[in-house]
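Every number in this text was worked out from the coordinates using simple rules, so none of it is lab data. In this text the structure is predicted, and so the values were computed from the model without any measurement. Note that we place each Cβ from the backbone using ideal geometry, even for glycine, and neighbour counts take in every protein chain shown.
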């Protein structure tokens, strides 16, 4: 880990956002991940995205499980709430937290091990419930903390650091999300913040569960020749299918559309995602076309990136459950738990 | 842009803003580190190598390094470089055995130095160890030139002055006191192998206004300071007007405070911000109760019954840039004494104009900027004598360059043959996240100099006002230095473009981008380029994407986090050492600091 804390010195032109905060106010502790880890770049993208949309730090909840990826929440927004759960259990914890307080912005950080192996079931159900949660999978294809075994996202034929080939089929979180009815699906690359930052901002604005599969090379165990999750391989095989811009609610969305002649999807909070450079026969709101496009290109070994699919029409967990607009934590205790007499009466009704 | 060539010593040298700004290129960060380690003697010797007079300069330097200091661009106040130099000088141990050895057997060459000021002394300092016989002609009975006669003792105590002059004279310089040179022709006839003219700019400028010569209470600033230094003057009237607002004016007004003046006004033609005096000298004068009156142009001296009663001034109104003015009215200021401190001039009545030394239209000798040689071979100029009033640190640098020329000249090498500067780059990496320098950024504020209290300091002319930094102040101030000589050295071939360095940089000085012309590239940086005087480093093409790594040198704090977070050691923190050639020492590869 670095020998010193990041100096408090800043560039003289350092800007402030609408809240009067600088980007430095959205940083966390110094990273103890390996130097050059993709996860740290994702952290930097999160810091930038949260600063740019002027989120109040205390209105953010950061959640994670176990693994290299799950250390990430420590490294951004010191002033936010945080919960580091048991391995793979971040989705149910996030679901519970969101059930209790729907006002916070939930950012769950997970990895390919945490999400696609031990926590796969939990992730699937959080997707089904459409919990309003930004769910980032920092996907490097290996178990870094246990010295580089293949993870469930390792491609067939990819090589370990020692040269051994993987034979098991990978779980592709994007295809999995599409099959489970996820309502916001994106893939990006830690080495491309120009793409990742707008996707993160759109994910925060999304009505429900936002699944982000971010290729995040492991410099220590999976950045060699023969790996399909290295910096070089990702750069050589990346296909930026969709270019998307996030347009905050206050902005004049129509003006943007008029200029670019692009497709726009209005988000639940009044913001918009502006799709430019969408390929022919591709519609980011049409699940079948997205699946067809991904199968065609991923079959050729391409890593398709961009904000791949959005559906703003599906209600989130609270809407499905008709929970009150007021967060449950602010509902008086007597009302939430009316006592044994009321329970007895309720049970009496079922006898 | 073309990839930056960091093998050219100038590139990294320029990053070390203080060293680049110093005429003598003193290795400031290195000596500050030595002070931090308590190695005061080593710090002193490192200073002495380039600037020859660390104790004197630690009190009186014009400090071109400080306005240049990168720290000033980060928190508004530069490192107190000059004060730290004084700490090294005050706390140093014995250095006799570390001064250059003087060969017993001389090389048979005789060099004359005219004047015993800093330029001549530097020439002697550089030539004596090479076996030269140096004869120094001093017009007064003591050495030091303007350092002694024009800098009051409350700023520069005489024991400090004589100690450092003694280091050089004790090398065996044949100094001849009370020996003004009256004729260059006569000196030439004495058969010296080379002659160095370091006679300073000894004539104060006149202000020929009505009444100037009708009283003996109008003084020329530098002459008046000189007469104090010699003990000829020990009092002044109560009401004193100083005309001019340069550093000499500051010395005059502060000296007046000590000699009986109690209403002392410095009269400036132009508004604040356009003064020649260094800000800290102005500050010190105002602390002593001196009033600075702006926008007043002298009109005439008022003499009544043969006695000076004061001066009339025109009150001016200036435009925003203080270029043009108009007169508002005329105003009278009473005065017992007036001191003129409006500049200095050179004067060479003793150089015959028919011996091949050309003079220009301002009656200044024509001197080559690199070689310090005038139009007659074998005669060299330096210090204020060369191009008019500068300062001590320039005089030292002129002395070094003149010594190289003299050594060349005496050995039959063309004086134009200058040996190049060199540079050493050594990695400071000791292990993972371990460096051989202290890379943490210390947010300490610039330390304030402590002064002797006002009543006590006015009692005597020679009470040094500045007390120097104490140990705690020194410990805090050294940590403010950013170690700009520990350079961020980049190897493009190793970069995997993981962005780790860009993400961690606290001052957003790094960018990976498509290459372009400088103007275009500067617009696409992580943080806007707000200081175009600072270079933009550009790497060769990065292997994976063909983009380039760019670094805006402006506010890099040299914390080394880019190198700590680099997985491939594409970034390294390398200590840059500028190797400066001196007379007889082509490029000094043996550092004077023992490892």
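Counting pairs of alpha carbon atoms under 8 Å apart in space and at least six apart in sequence, what relative contact order in percent does chain B give?
It rounds to 17 percent for chain B.
Can you give the angle from 0 to 90° between the axis of helix A:38-52 and the longest principal axis of chain A, with both taken from C-alpha atoms, to the nearest 10?
The helix A:38-52 is inclined about 50 degrees to chain A.
Say each of residue A:32 and residue B:434 gets a label point 7 Å from the Cα, pointing the same way as Cα to Cβ; how far apart are those two points in nm?
Result: 1.9 nm between the two label points.
Going by average Cβ density within 10 Å per residue, which order do the peptides A:327-339, B:42-54 take, highest to lowest? Provide the component values of the computation, followed by the final result.
Details: A:327-339: 10.8, B:42-54: 24.8.
Sorting A:327-339, B:42-54 by mean packing, highest first, produces B:42-54, A:327-339.
For B:503-511, what's the mean count of beta carbons from other chains sitting within 10 Å of each residue's beta carbon?
Values: counts 13, 7, 3, 9, 6, 5, 1, 0, 0.
For this peptide, the per-residue mean of nearby foreign Cβ atoms is 5.
For q = 0.17 Å⁻¹, what log10 I(q)/I(0) does the range B:119-185 give under the Debye formula with an equal point scatterer on each alpha carbon and no solvent?
Reported log10 I(q)/I(0), two decimals: -0.64.
In peptide B:523-532, how many Cβ atoms from other protein chains are near each Cβ within 10 Å, on average? Display every interim value, and only then the final one.
On the way: counts 0, 0, 1, 1, 6, 4, 1, 3, 1, 0.
Partner Cβ neighbours, averaged per residue: 2.
Quick check for you: which residues of the range B:487-517 have the amide N under 15 Å from the point 7 Å beyond the Cα of residue B:532 toward its beta carbon?
Label zone hits: B:517.
Over the range B:205-343, what is the relative contact order in percent, taking alpha-carbon pairs closer than 8 angstrom and at least six residues apart? Write out the running numbers ahead of the final one.
Values: 297 pairs, mean separation 44.7, N = 139.
Across the range B:205-343, relative contact order equals 32 percent.
On a 0 to 90° scale, report how tilted helix A:120-129 is relative to the longest principal axis of chain A, with both axes built from alpha carbons and the result rounded to the nearest 10.
That works out to roughly 50 degrees.
Bin all alpha-carbon pair distances of chain B at 20 Å intervals from 0 and give each bin's fraction as a whole percent.
Result returned by the calculation: 18, 46, 31, 4, 0.
Taking a spot 7 Å from the Cα of residue B:178 along the direction of its beta carbon, which residues of the range B:141-159 have an amide N less than 15 Å from it?
Answer for this model: B:141-143.
If you count, for each residue, the other Cβ atoms within 10 Å and average over each peptide, how do B:73-85, B:361-373 line up from highest to lowest? Can you show the working numbers first?
Details: B:73-85: 21.4, B:361-373: 15.8.
Listed from highest to lowest mean packing, they are B:73-85, B:361-373.
Using a 10 Å cut-off around each Cβ of peptide A:40-47, what is the average number of partner chain Cβ atoms that fall inside?
Numbers: counts 6, 5, 2, 1, 5, 2, 0, 1.
Mean inter-chain Cβ contacts per residue within 10 Å come to 3.
Which FRET efficiency, nearest 0.05, do residue A:319 and residue A:125 yield, Cβ-Cβ r, R0 22 Å? Don't skip to the end; give the middle numbers.
Working: r = 17 Å, r/R0 = 0.78.
With a Förster radius of 22 Å, E is 0.80.
With each pseudo-label sitting 7 Å past Cα toward Cβ, what's the residue B:7-residue B:361 distance in nm, one decimal?
Here the answer is 4.6 nm between the modelled labels.
At 7 Å along the Cα-to-beta-carbon direction for both residue B:464 and residue B:233, put a label point, then send me their distance in nm to one decimal.
A separation of 2.5 nm, rounded to one decimal place.
Counting each DSSP H run of 4 or more residues in chain A as -39500 (n - 2.57), what helix-only mean residue ellipticity at 222 nm follows after dividing by all residues, to the nearest 500 deg cm²/dmol? Working shown, then result.
Working: 11 runs with 104 residues, N = 351.
Theoretical 222 nm ellipticity from helices: -8500 deg cm²/dmol.
Sort the following peptides by mean Cβ neighbour count (other Cβ atoms within 10 Å, averaged over residues), highest first: B:457-469, B:189-201. Before the final figure, lay out the partial values.
Values: B:457-469: 15.6, B:189-201: 21.6.
So the peptides B:457-469, B:189-201, ranked by packing, come out B:189-201, B:457-469.
Could you work out the relative contact order of chain A, using alpha carbon pairs under 8 angstrom and six or more residues apart, expressed as a whole percent?
Numbers: 699 pairs, mean separation 52.9, N = 351.
Once normalised by length, the contact order is 15 percent.
Between the helical axis of A:287-298 and the dominant principal axis of chain A, each derived from Cα atoms, what acute angle in degrees is found, rounded to the nearest 10?
20 degrees
Could you work out how much longer the chain between residue B:170 and residue B:205 gets when fully extended? Use 0.36 nm per residue separation minus the Cα distance between them, nm to one decimal. Don't jump to the answer; show the numbers that get you there.
Details: separation 35, 0.36 × 35 = 12.60 nm, distance 3.54 nm.
Here the answer is 9.1 nm.
Given C-alpha coordinates of the range B:205-343, what is the ratio Rg to Rh with the Kirkwood estimate of Rh? Please list the in-between numbers first.
On the way: Rg = 14.3 Å, Rh = 15.1 Å.
Rg/Rh: 0.95.
Determine by what factor the alpha-carbon radius of gyration of the protein assembly as shown differs from 2.2 N^0.38 Å, reporting the quotient. Before the final figure, lay out the partial values.
Working: Rg = 37.0 Å, N = 946, 2.2 N^0.38 = 29.7 Å.
So the Cα radius of gyration is 1.24 times the expected 2.2 N^0.38 Å.
Please report, in whole Å, how far the alpha carbons of chain A spread along each principal axis, starting with the longest.
Principal-axis extents of chain A (Cα, largest first): 68, 50, 48 Å.
Divide by every residue of chain B the summed helix terms, -39500 (n - 2.57) for each DSSP H run of at least 4, and state the resulting mean residue ellipticity at 222 nm, rounded to the nearest 500 deg cm²/dmol. Working shown, then result.
Working: 22 runs with 172 residues, N = 595.
Helix-only estimate at 222 nm: -7500 deg cm²/dmol.
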